[in-house]
Amino acid sequence: MAILATENVSRQFGSVFAVERVDLTLNAGESVGLIGPNGAGKTTLLSLLTGDLRPSSGKILMDGKDVTSLPLYARVRAGIARAAQIPKTFSRLSVRENVSLPAFFGAGLAGDAASEWIDEVLEMSGLSDRAGKQAGALGLLDRKRLELAKAVASKPRVLLLDEVAAGLTEPEIASIKEVILRLQPNRAIVWVEHIPFALQGVCSRIVVMDKGSKLLDGPFDEVWASETLQSTYMGT
Amino acid sequence: MTAAQFTVLIFQGLTLGGLYAMIGAGLALNYGILKVLQLAHGEYITYGAFAAIGAIALFPNLPFPLVLLLAFLACALLGAAAQLLIVERAMAHRNEVVAMLVTFGLAVVLRDSLAEFAGADLRGLSVGSLAQANFTIAGITLGVLPLVSLGIALTSFLLLALLIFRTRLGMEIRAVSDMPDIAALVGARVKRTHIVVAALSAGLAAIAGVLLAMRSSISPYSGLDSLLIAFEVVVLGGLGSIRGVLLAGLLLGMTQVISTWADNSAGLFYVHLVFFVVLVFRAKTGKLQ
Amino acid sequence: MMKKVEFVALAVGAIAAICAAIFLDSGLQFLLCEVLVLFLMAQMWNLAAGYAGQISFGPQMFVGLGGYALYMISNNTTIPVWVVMALVPIVVGLLAIPLGMVVFHLKHAYFAIGTWVAAEIAFQFVIKTPSLGGSSGLVLRPGGEMVEGYPEKTVVAVALFASVALIVALRMFLRSRLGLAVLAVRDNETGAEATGINVRRLHLALYTLTGAGIATAAALYYSTTLFLTPLDAFQAKWAVELMFIVVVGGLGTLTGPAIGVALFIGLREFMTANGYSGDQYWIIMGVLAIAVLLLLPQGIWPALTTFYTRMTRGNTQ
């Protein structure tokens, strides 16, 4: 059964459709790469899924239930979390406190269960040795890791990754990928990325968007080889 | 209510509305361009009134236009100096609250300096025979003074609009307001523009102060009351819109005149209430940024 | 969890409160009442403005509500004044919830101005309403009887202990999960919501809590003055004073308001004792505020702590 689905979802800004009539189904445990040229509507689609934005029309379903009108915080509690493109870390709080917040308020943990889970997330994201450091003092790679850790700490069943590899060097991308592979079991992932090679080995399925609409949707290799993809990227 | 009474009521509402709009004009300009909530605005209004009162006390025969000009220039100078020496520095700070709080300190210094210098008494601006002058049209008697006051307010608005939309200086001001960094790149003098705007805004406040002192009395401690009216006018008018300010002033002026007619202990109760309800309604329907 | 030092602070606070009630003379007690009441209010305004970013120009709304709640309930029922005092935060807190739901449609400058106008509406309403005493105000007559004895004796003890208890409570609060949420909201509001915090409800809770706190402090204050006028209770002076105290001392710190109050009242007492006028005092305060904001925009206390850490680090290196 689909864990998350959009039905005919659109979002207009003025007269422009940023996202137009998109149907997307995400199954439990599935990892989907979402690619497309600049302005294709990928980030807008993620914002519609998290509740940062409301769709102009259409529905968003989680486990078959309509969550379209749920606000951001309630969707986090329902199990949708996003690692933002520009890390939204709390710069005046410590790394551990940053991770604690979603563990407390998103996952609803308390006491020993909370601190064990926080330790585990810090370990998974490779931040254990910097747990006491102020988040504002971290470098870009570590801030990206922290952003991921914050998203994971709310125990999401759907994890949305928004260009988490952007701005990183190749070895850095490899190390972020390692973290993501560790996070993969038992949850669905939607990963938006400009750099398609980052998705390789993580995503078994690829969705291509262009001008607000869904263009292609299929297994990684099939989409990768398709001519439509080549023309979308090369042609424009 | 007879038709004549109704006409008088509308006339009073219009003239009071013009005064309210004038009270808000400088603040709207300041907030619209500098993006600083100028809490000393009420004090500039008071200073304008006292400059006029002082000028007339010293030179009883000074023609009224000169008194107005004198008050305008005095406050413009004060506003420019405050911007240059104090506010501009605070605006450099990352947190915009700092600039607002600095103007708050400035307001207190101005208020109590004036009280120390001129005494705390209420004063009015005597305009001689003009105060009692009236004229009659179709059996309805109206005062000349409110009409003059409305005329001054409308003229000020017209000149302000012409300055902002029809002159080189106005273009520079609008450029600095929209995109300070880019305006600086294409050669706009950002700091100088800020000072000009601060001077203009304090000057407009001074005119409002003169009109206020002609209508009722004013003390060094009247600043907060004026500031509140200015806030209401500017917020209702949509932060920084010249035409909006004029309409908001008229709405609040009308509200006060009509509510006082219906309930003579109304005070500003209904004015504040109308403001509050409109504000919240607009916020709720998403019309507030 | 309460730390040992906080427990000691509470005990010392209790002893000091009793001593202040017994040993200080009446004039000093009255002054101390004012200081402590201002401190309590400033700490509340600081919690809302400095931690939750709710900069309001209208705390006088709650000063007025607290005073009027105390007087109206005491004068018209037989409930003892000290019980009414405990009821004030509940009554005002309940009023603050719907008020907060309305004013939180407004943000930033709109919020600041909207809260001020709301306070003015309450002020004009009281003036227009004869059963609330109109513009001439009310005299405190609990159960219809005149107050006997010196209320400041009790009030100074309560206010002193409450001030210490408030600091301890706020320290504990900021260590708690909810406190962490407040700090997160201060850092980044949308980011906080994305961790699952119901930011709107948190804001409303803080607004209600700080409103009830200001009202309680006001009730303490007006129980010593024995009369209450709308002009005094609802005037913007309260907002002005609280802003001064918090901003000069250090917005968003627990020690800042204490330093602010000490400066504010200390300077006033010093200047009045030396024959300066109230206007001269305010000029100095205004200049002080401008100077602090331009030179140390964070306020005095944060500047002191930064200076201290720099000094100690300099020594160890």
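Here are the numbers:
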item	result
All positions within the stretch C:116-139 that are under 14 Å from C:Val63 (Cβ atoms), in contact with a Gly (Cβ under 9 Å, 6 or more places away or on another chain) and either without any contact (Cβ under 8 Å) to a residue 40 or more places away in the chain or not β-branched (Val, Ile, Thr) (or both)	C:Trp116, C:Ala118, C:Ala119, C:Glu120, C:Ala122, C:Phe123
The one condition in (1) more than 27 Å from C:Ile197 (Cβ to Cβ); (2) of a type in the set (Gly, Ala, Ser); (3) open to solvent by 40 Å² or more (accessible area, probe 1.4 Å); (4) in contact (Cβ under 8 Å) with a residue 12 or more places away in the chain that C:Gly27 fails to fulfil	(4)
Close pairs from the stretch C:301-314: first closer than 23 Å to C:Gly50 by Cβ, partner in a helix (DSSP H, G or I), Cβ under 8 Å, at least 6 apart	C:Trp301/C:Gly249; C:Trp301/C:Gly256; C:Trp301/C:Ile259; C:Pro302/C:Gly256
Lone unmet requirement of (1) buried (at least 24 other Cβ atoms within 10 Å of the Cβ); (2) among the hydrophobic types (A, V, I, L, M, F, W, C); (3) touching a residue at least 40 places away in the same chain (Cβ under 8 Å) for B:Ala80	(1)
Out of C:Leu183, C:Leu174, C:Leu178, sole residue that is open to solvent by 60 Å² or more (accessible area, probe 1.4 Å) and within 22 Å of the chain's Cα centre (by Cα)	C:Leu178
Residue selected from the stretch B:183-203 under the condition open to solvent by less than 10 Å² (accessible area, probe 1.4 Å) and either hydroxyl-bearing (Ser, Thr, Tyr) or at pLDDT 90 or above (or both), by the criterion farthest from B:Ile53 (Cα to Cα)	B:Thr193
All positions within the stretch B:212-242 that are within 18 Å of B:Ile164 (Cβ to Cβ), of a type outside the set (A, V, I, L, M, F, W, C) and touching a residue at least 40 places away in the same chain (Cβ under 8 Å)	B:Gly237, B:Gly240, B:Ser241
Any hit, the stretch B:244-265, residues being more than 17 Å from C:Phe125 (Cβ to Cβ), at the interface with chain C (Cβ under 10 Å from one of its Cβ atoms) and buried (at least 18 other Cβ atoms within 10 Å of the Cβ)	no
Residue match in the stretch C:224-240 (condition: farther than 29 Å from B:Ser222 by Cβ and more than 13 Å from chain B (Cβ to nearest Cβ))	yes
Boolean, A:Arg96 is over 16 Å from the mean Cα position of the chain (by Cα), at pLDDT 90 or above, open to solvent by 30 Å² or more (accessible area, probe 1.4 Å) and more than 13 Å from every other protein chain (Cβ to nearest Cβ)	no
Of residues in the stretch B:92-145 being hydroxyl-bearing (Ser, Thr, Tyr) and open to solvent by 20 Å² or more (accessible area, probe 1.4 Å), the one nearest to the other protein chains (Cβ to nearest Cβ)	B:Ser113
Every residue from the stretch A:146-181 that is open to solvent by 40 Å² or more (accessible area, probe 1.4 Å) and closer than 26 Å to A:Ser47 by Cβ	A:Lys155, A:Arg157, A:Gly167, A:Glu172, A:Leu181
Filter result for the condition that a residue is more than 30 Å from B:Val271 (Cα to Cα), touching a Lys or Arg at 6+ places or on another chain (Cβ under 9 Å) and part of a helix (DSSP H, G or I), over B:Ser149, B:Ser177, B:Ser129	B:Ser177
Out of C:Ala157, C:Ala112, sole residue that is part of a helix (DSSP H, G or I), open to solvent by less than 20 Å² (accessible area, probe 1.4 Å) and modelled with pLDDT under 95	C:Ala112
Positions within the stretch A:182-200 being open to solvent by 70 Å² or more (accessible area, probe 1.4 Å) and over 15 Å from A:Pro37 (Cα atoms), in sequence order	A:Arg182, A:Pro185, A:Asn186, A:Gln200
Filter pass, A:Ser91 being surrounded by fewer than 18 Cβ atoms within 10 Å (Cβ to Cβ), within 10 Å of chain C (Cβ to nearest Cβ) and in contact with a helix residue (DSSP H, G or I) (Cβ under 6 Å, 6 or more places away or on another chain)	yes
Neighbours by Cβ (under 6 Å, 6+ apart or cross-chain): first from the stretch B:52-64, within 18 Å of B:Leu145 (Cα to Cα); second of a type in the set (Lys, Arg)	B:Ile53/B:Arg123
Hits in the stretch C:100-109 - residues which are assigned to a helix (DSSP H, G or I) and either facing chain B (nearest Cβ under 8 Å) or crowded, with 22+ Cβ neighbours inside 10 Å (or both)	C:Val102, C:Val103, C:Ala109
Count of residues meeting criterion [more than 19 Å from the chain's Cα centre (by Cα), among the acidic types (Asp, Glu) and within 18 Å of A:Ile180 (Cα to Cα)] in the stretch A:99-155	3
Near pairs, Cβ below 9 angstrom, 6+ apart or cross-chain, from the stretch C:55-81 (within 14 Å of another protein chain (Cβ to nearest Cβ)) to any residue that is assigned to a loop (DSSP other than H, G, I, E, B) and not aliphatic (A, V, I, L, M)	C:Gln60/C:Phe234; C:Gln60/C:Gln235; C:Met61/C:Phe234
Filter result for C:Ile245 (of a type in the set (A, V, I, L, M) and either open to solvent by less than 30 Å² (accessible area, probe 1.4 Å) or away from chain B (no Cβ under 13 Å) (or both))	yes
Matching residues, the stretch C:186-218, being in a helix (DSSP H, G or I), open to solvent by less than 40 Å² (accessible area, probe 1.4 Å) and among the aliphatic types (A, V, I, L, M)	C:Ala192, C:Val199, C:Leu202, C:Leu204, C:Leu206, C:Ala212, C:Ile214, C:Ala215, C:Ala217, C:Ala218
Residue that is most open to solvent (accessible area, probe 1.4 Å), among those in the stretch C:115-143 that are of a type in the set (D, E, K, R) and part of a helix (DSSP H, G or I)	C:Lys128
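Residue-by-condition table, conditions (1) surrounded by 24 or more Cβ atoms within 10 Å (Cβ to Cβ); (2) hydroxyl-bearing (Ser, Thr, Tyr); (3) assigned to a helix (DSSP H, G or I):
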{"site": "B:Thr7", "(1), (2), (3)": "no, yes, yes"}
{"site": "B:Ile33", "(1), (2), (3)": "no, no, yes"}
{"site": "B:Leu39", "(1), (2), (3)": "yes, no, no"}
{"site": "B:Gly42", "(1), (2), (3)": "yes, no, yes"}
{"site": "B:Leu70", "(1), (2), (3)": "no, no, yes"}
{"site": "B:Ala74", "(1), (2), (3)": "no, no, yes"}
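The values are calculated or read from the model by the stated rules, or taken from the named source; none is laboratory data. The model shown is predicted, which means the values in this text are computed figures rather than measured ones. Using ideal geometry, Cβ is built from the backbone for each residue, glycine included, and neighbour counts are taken over all protein chains shown. The protein model used for the area step is the full one, side chains on, heavy atoms only, and it has no ligands, DNA or RNA in it. Shrake-Rupley method; radii C 1.70, N 1.55, O 1.52, S 1.80 Å.
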